[in-house]
Every structure is written in structure tokens, then in C-alpha cells.
Amino acid sequence: MLQQKPMIDLTRVFLVVAALISFCVFISFLNNTLYSSQVKIEKSDILMPLMDDEIYFDYAGAAPYTIEQIDQYSQFMKNNFLCNSHSPNVCGLRSSELVQNTRDIILKYFNAQDDYIIIFTSGCTHALRVIGESFPFEEGSQFIFTKSNHNSVLGIREFAKLKKASFLSVDEYSSSYLKTTIHPSLFAFPAEDNFNGVQYPLEWIEDINKHENWYSLIDAAAFVSHSLLNLSQVKPHFVTLSFYKIFGFPMGIGALLMRKDVVDKMSPIYFGGGTVYASLPNVDYHVFFGFSSKFEAGTLPISSIVGIKYGFEMIKKRGGIKSIQKHVKILTQKLVTSLKQTKFENGNPVFEIYGNHFKNSSLQGGIITFNIHKNDNSLILTASINSFLREKKINIRTGCMCNPGSCLKSLGINEDEYMNDIPKQPKGGFDSNSCLDIMVGNKEAGAIRVSIGYASTEEEIERLIEVLNEYFKENQMKIKIPIK
């Protein structure tokens, strides 16, 4: 006689499913609670009092520094005498040890202890210049870079041209661009576009590195301000960054992280104090030191270098870079959602938003770049918005953000028209603060950039939205759905 199968107890199944759902809800609540306790920011508690009632949305330019960083740094400087680390005396050796300790901290943070060296620079731009000057370009070499690169990357092509190498700008990476070559060649792209926050796949690096005589360079300045770069997983030959974009202080200090296996292939043109251990005045003769010293001409800014430690400690106390990344993503989505929902009475969008916010938000950083339409659908000049926000003590950035390729592509401006109209701009209008209103035909080559970071708050996002609504009212814009 066959044994009858027991019937499924539906009540028990229901209770198990309900318990699982409750558990998942509890875990989600717990994660959010832990997240809030780690990155919930009270500006008055950590930021410099000098900011007063200002709101800061220019993290892609530089992060704000904290009271705690300055206090720790000041205390250290009061109790420690630093001097030239090139001097083999008591003070010099102490200073040299502090510099090495800082190198170790940086390498550990990026999980790069085994494969990389740290070359201190004045910032990301200086780091890129070191690469351009030292890279072994020659006739037959290629320098290929994405159009979305910062001017500081584009500048490397001048070194390539001097050495008779060719150059090419492309929209995105493709292995088809990397022709078989016996000449050292370089492919460069930003980990994150500083104009619109688009992030590019770091998987490109592995593919570039598979090609013989091809070297990979990433400009990580915008990316590392709120995202983790693990150099044990992705291994570009060169990484450039600025520390003040991560934690604000010290300013004017950056780094080039260079893979150890390419150091001997790099040949700086200039040599100076600290870079050579032998040279002669009457004979064309000099011998470089190895590793970092080969590229660090002159006395290192030791008093700045020792301040880097306190920046990384601050990041750790904020819950680490992964918590900051989550915090930035939440606030970015909050602002983008509000901007997207804002319409004119005829249903047209008020904001033209650039980047990956709606295409692939997983490849989007904490930058929201946009323009604002008038009632007639033309664009409001960014200087008008910037002036209004400045009166309200809200710090943003306008212009092309030193990234012409990404800027012109986003705005749909033809490069030939841009070049033709540049000579028509007012003379004397091209310093770093006044070249923001370049007109190409009847269209401005520029946009409004709001960049979010570790100390941004929901209240600040809401205040920005409130102020933009005030602007719309003052200018009698026919908005159907006010920003919320």
C-alpha cells in the first residue's frame, strides 16, 4: 500500500514567508540606522566656522575640511619640528620618516602596497604633467584619450607631439583603437568625468593592459572624492589625484601613483635637487635616483604632506569611503528627482540634466550638471543663476569645468563653431574666473554644476531647491510643478 504524501501546511508556509519579510524589513531598517549614525552630518559640528551660513556644493572643485583635521594638524605642528628631508641630520631623518609613513598610509588606503610607488605633486595637474614629460613617447607612439578628459590630460598631447608621437581623441574605449605596436603608447580616461559625473568602466584598464606596449592612465581626481579605488583589483599603470578633493586639507598637494614595473621606463627631462645622486656642470651627465625620488624635484612640502594623515582619519570616522559613497548617491538621487519633476505649464522640462542619471545611475557620481530653460525654451545664462545663488550664499560652479570635450558634447555645440567664435570673445575675459560666459552663436558654452560630498545634508539640498523656486518666481517663470 502506497504511503500518502502529507499535505502542505499553508498556514505554516504563510507564517514562514511573513517572518522572512519581517526579517528583511528589519535588516533594511538596521542598515539605514547604521548608515545614518555613520554619515549623518551636522555641519556646525565638523566644518570650519568660517563657512558660517554658507552652503557648499563644489566638492568636485575641493572638499571642505573639518575643525578636527585642523586641530589635530595644529597640535602636531606645535609639538614637532620639521625640516628638509634631504638633510641626513636628526631633523632631516625624522622628517624623511614622516614622509615615508604618509606614503605607506596612502598606499594602504588604495590597497596598493605591493605594486605602486607614491610620487608627491602639487595636485592632479602636476601629476599628469610628470607623466607627459617622462613617458617614453617616440615616433610611432600613440597617445589616445577619451574626449571627456580634463584639460590637464589633454595637455599631455603637447609632450607627445614634441616627441613625434600621434594623438587621437575618442568617445569611449575600444580595443580596436589599440593597434599592435612596438612603440610605447598611452591610453587615458577619467574614472569620473568632472563635468557631468559620468563614471567609466574600470574594466577597461585590464583590457588596455593586455596589449603589448600599451599603458593605462586614469585621472581619479573626481572619482576618489566619494568612491573607493582598489588598486589590487584594477591596476592602471598611472593614477593621478588631488588630496584636497577628498578631504579639503591640505590644499596644493596631490600624488601620482605609478606602478613599480614602469618606473625604469620613465625618463624625466628636468633634474633638480633630490632627483639625482650624481651630476656634472661641464659635461652632459647626471644619474637619477630610483623610485619616487626620480620625479620629486626640490624640497618636498613636508608640512603639507604630514596633514594628509588627518584627512584619511576623518574619512574613517565618517564611516569610511563606502558609507560616504552611499550618502552621496542618496542625496544625488534626491536632487535629480526633484529637478526632473519640475515642468513648465506646457509640460516641457525646466531643467536639462546631463550625465548618466537616467541612463545608468550605477555609473554616475555625485555631480549634477544642468542648464535651466526659459519660458521660450532658450537657456538662461549660467552667470545669472550663479549670481543669484551667490547672493543666497550657495556655492556652485558654472562654465565648462576645464573639460571642453564633455561640455561641448553635452550641450550639442560643434567644435568648429566653438573655435570660430573664441576670437570674438571680449579681450581680457579669459582668466580662470571670468571665462565662464563663452558664447557660440546664440548659445552659451557652459552649464551649472552642483557637486555633493561627505558633509552635504538633506537640508542643504532642500535649501537649494527652495532658492531655485525663488529665482523662478522673481523671473516670472510659468512653472506647473514647483520643485519639492
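For this structure, a couple of remarks:
- Taking each residue of segment 221-245 that is free of Cβ contacts under 8 Å to residues at least 40 places away in the same chain and looking for partners that are in a loop (DSSP other than H, G, I, E, B) and not small (Gly, Ala, Ser) with beta-carbon atoms closer than 6 Å, six or more apart or interchain, yields 234/202.
- Any chance residue 337 is crowded, with 19+ Cβ neighbours inside 10 Å and either in contact with a strand residue (DSSP E or B) (Cβ under 6 Å, 6 or more places away or on another chain) or under 21 Å from residue 460 (Cα atoms) (or both): no
- Within segment 277-306, considering residues that are outside any loop (DSSP other than H, G, I, E, B), among the aliphatic types (A, V, I, L, M) and more than 33 Å from the chain's Cα centre (by Cα), the one nearest to residue 133 (Cα to Cα): 287
- Answer from 304, 293 - the residue that is out of contact with any helix residue (DSSP H, G or I) (no Cβ under 7 Å at 6 or more places or on another chain), within 26 Å of residue 94 (Cβ to Cβ) and modelled with pLDDT of 90 or more: 304
- Screening segment 108-141 for residues that are in a helix (DSSP H, G or I) and in contact with a strand residue (DSSP E or B) (Cβ under 6 Å, 6 or more places away or on another chain) and picking the one that is nearest to residue 271 (Cα to Cα) gives 130.
- Residue count for segment 64-85 under the criterion of being over 30 Å from residue 394 (Cα atoms), in a loop (DSSP other than H, G, I, E, B) and not hydroxyl-bearing (Ser, Thr, Tyr): the result is 5.
- Residue that is out of contact with any Ser or Thr (no Cβ under 7 Å at 6 or more places or on another chain), over 30 Å from residue 223 (Cα atoms) and aromatic (Phe, Trp, Tyr), where the choices are 285, 277: 277
- Remark: pairs (first residue in segment 102-113, more than 12 Å from residue 257 (Cα to Cα); second residue basic (Lys, Arg); Cβ separation under 9 Å; 6+ apart in sequence or on different chains) = 102/309; 105/309.
- Among the candidates 195, 159, 187, the residue that is more than 29 Å from residue 359 (Cβ to Cβ), assigned by TED's automatic domain parsing to the domain that holds residue 249, touching a helix residue (DSSP H, G or I) at 6+ places or on another chain (Cβ under 7 Å) and modelled with pLDDT of 95 or more is uniquely 159.
- Test for residue 331: is it farther than 21 Å from residue 477 by Cβ, surrounded by 16 or more Cβ atoms within 10 Å (Cβ to Cβ), within 19 Å of the chain's Cα centre (by Cα) and aliphatic (A, V, I, L, M): yes
- Note on segment 204-245: residues that are polar (S, T, N, Q), assigned to a loop (DSSP other than H, G, I, E, B) and surrounded by 22 or more Cβ atoms within 10 Å (Cβ to Cβ) total 0.
- Filtering 164, 147 for residues that are among the basic types (Lys, Arg) and either under 28 Å from residue 312 (Cβ atoms) or surrounded by fewer than 15 Cβ atoms within 10 Å (Cβ to Cβ) (or both) leaves a single hit, 164.
- Strands (runs of 3 or more DSSP E) fully within segment 342-400 counting 2 or more residues that are in the same structural domain as residue 329 (by TED's automatic domain parsing) and without any contact (Cβ under 8 Å) to a residue 40 or more places away in the chain: 351-354
The values are calculated or read from the model by the stated rules, or taken from the named source; none is laboratory data. Here the structure is a predicted model, which means the values were calculated and not measured. Note that each Cβ is placed from the backbone with ideal geometry, even for glycine, and that neighbours are counted across all protein chains shown.
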